[in-house]
Every structure is written in C-alpha cells, then in structure tokens.
Amino acid sequence: MKPGAAMKKFPTKVLVFITIVLISILGGVIATYTTANGPWGYTDPVAYISTAHSLATGQGLGYYEADGDFTPPTIQPPFYSIVLSVLGLFKINLVAGARWLNIFAFVASIFIAGWIFFRFSRLPALGIIASALMCAFPHMVLMFSSAYSEPLFILLLLSGGLCLLAYLSHEKLFILLISAVVIGMMPVTRYSGIAMVIAAGLSILLFSSGKTWPRVKKTVLFVLVASVPILIWLVWVYFSTAHTIGGRSLVLNWGAFAAQFQAFRGIFMDTVWKWIPFQSSETLLRYRVRFALMGVGLVIIFAL
C-alpha cells in the first residue's frame, strides 16, 4: 500500500484529536518549565496559601496577620484555598501543590478549549487552533505559572462552558445540574464569575428548545443551583465581619464612583481608538472629538 493511500484511510478526526492531546502535553511541559522555581505571586497568593494551611490544619477558614490576629478572608473568595487545603490533607507542600495544580489546570484547559471546537464545531480542526492559541498566548503562560486563583478560574470557565454546550445539545436534566454546579464554583473562585452565572442563565433561556415557560423554569433552576455557593459565602462573610458584602461596604460614594468611571472612560477610549490602524501621535484626534465619534458609532450600531 502506498503511503498516500494509508494517510487517506487514517481518520482525519483522530489526527485532529491526537494533535490536541499533544498540544495539551506541550502546555504541561511549558508550565512545568516556567514554574521550576515555584509559582510566582505577591500578596494575594500569600493569603490563599495561608488560608489553605489553616484549613488543612483544622484552624478554620482564615489566616494569621503579622500581629497574630486570625483574619477570615473577605476580599478573595475561598474556593481556591479550599482546593489547596485538600492537597494539604495529604501532607503535600502547599506551594508545590499550587504549582502542580496549575500545571494540571493548564493541560486540562488547553485540552478542553480544543475539545469544545472538536466536539461542537462543524469544523473539528478549529480545535487545533483553539488549543494552540491557549498554549501559546503569553498571558496564559504567565498566569498559569502563578499562585493566583486565575488558573483554577479559567479551568472552571472552560469546563462550565463545555457542560453548558453539552446541555444545550442534549437537554438532559442531570447535565443541567452538573453545569450549574461547575459554573456555580466560579463566583467562589473569583467574584467576576457571577457574570458567567448570569450569561449561562440567559443562554439557557434563549437557546434551549421548547416553549417559553419550560425554558424559564430551566433557567430559574440553573440560576438557583449555581447561586447557592456564592450566597452561602456572602452570608458567612456578612456575619463574620462588620456586616460587609464580600469585604466591601454597601455605602455608595457617588463622587468616588464618578471619578472611577471617568478614569475608566479615558482608558477605554484610548484602548479602543488604538485598534484603528494608520495612526500616530501627531494625527491623533482630540479626546472630545474621539468621544463624539464613538458615541455616534454606538448610536448607529444600536440603530441597526
């Protein structure tokens, strides 16, 4: 048999799958190399690992400050520390545990990114591109070599997206519940995961089959299940501290809010305007002109 004929008989999807697996393994090698001296981090990882150590040794959910006070975490949600504490129960050094957890998360995230396109796209070869981008994107390599909670969050994000796509394809109740549980862990890893709960709920409402009322009931069930972890956490924080929500006061400071919005508006404007090619500092329009043009553009987009 000629080599060309053998290649024609070899299933293309199998070749794509093998490529995705190899890229995932390559990501593991990269993560192992970049964390050879341990994961990097600043103040937040110290709080994560200290809290995990307290949990693993039975001291409770919190960490000791420099003055000896035991402080419950409020600014950072606890799930990353809880996962690390499970490793600590097996007498694993928590810094090394954070490193190997992130290596696993990087390999799994690269594979899931490719698998989503391989399984649900009309062009399975897009899975190779997705995995390659995930593996080669410099910021991903940087974050997965840290001791922050982002690696676990990204893994949950991709896993939750995969479960959600599986539910929308098959619409089985147990898949809906699994998706809700996985996505529900995101807000207790990073508070920004609340947006994923909302987005997933809207996806179920808009894209699941059936009449309106059954879709509403599925959405409500999903949101309720996915919201349980973060609600438990927020209630615990509220009664464990001076009645704060996630370590933040409920008092609205409109002056500070306006100042932050003004700073955000300027950064947003500069960032979006840089996407326009063939510009230089000499040809850059004044801020007010750019603001007006962007406003007109948004009006036209919404009008369409």
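A compact table of results
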| read-out | value |
| --- | --- |
| Residue count, region 161-202 (criterion: among the polar types (S, T, N, Q) and at pLDDT 95 or above) | 2 |
| Condition broken by Gly246, with the remaining ones in (1) surrounded by fewer than 14 Cβ atoms within 10 Å (Cβ to Cβ); (2) at pLDDT below 75 satisfied | (1) |
| Condition met for Phe117 (in contact with a Ser or Thr (Cβ under 9 Å, 6 or more places away or on another chain) and either assigned by TED's automatic domain parsing to the domain that holds Phe17 or of a type in the set (S, T, N, Q) (or both)) | yes |
| Failed item in (1) at pLDDT 90 or above; (2) surrounded by 15 or more Cβ atoms within 10 Å (Cβ to Cβ); (3) closer than 15 Å to Ser149 by Cβ, with Val46 passing the rest | (2) |
| Any chance Arg190 is in contact (Cβ under 8 Å) with a residue 40 or more places away in the chain and among the charged types (D, E, K, R) | yes |
| Wholly enclosed helices (runs of 4 or more DSSP H) of region 5-94 bearing at least 3 residues farther than 24 Å from Leu133 by Cα | 43-56, 79-88 |
| Residue match in region 59-79 (condition: crowded, with 17+ Cβ neighbours inside 10 Å, under 19 Å from the mean Cα position of the chain (by Cα), farther than 18 Å from Pro187 by Cβ and modelled with pLDDT of 90 or more) | no |
| Within region 287-303, tally of residues that are more than 33 Å from the chain's Cα centre (by Cα) and at pLDDT below 75 | 1 |
| Within region 193-223, considering residues that are touching a residue at least 12 places away in the same chain (Cβ under 8 Å) and more than 17 Å from Leu168 (Cβ to Cβ), the one surrounded by the most Cβ atoms within 10 Å (Cβ to Cβ) | Gly193 |
| Residue identified as among the hydrophobic types (A, V, I, L, M, F, W, C), assigned to a helix (DSSP H, G or I) and more than 17 Å from the chain's Cα centre (by Cα) among Leu202, Leu164 | Leu202 |
| Cross-chain or 6+ apart pairs with Cβ under 8 Å, region 148-174 first and touching a residue at least 12 places away in the same chain (Cβ under 8 Å) and closer than 14 Å to Pro187 by Cβ, then surrounded by fewer than 23 Cβ atoms within 10 Å (Cβ to Cβ) and among the acidic types (Asp, Glu) | Ser149/Asp44 |
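The values are calculated or read from the model by the stated rules, or taken from the named source; none is laboratory data. On a predicted model such as this, the values are computed, not experimentally measured, just so you know. Backbone-built Cβ (ideal geometry, glycine too); neighbour counts: all protein chains shown.
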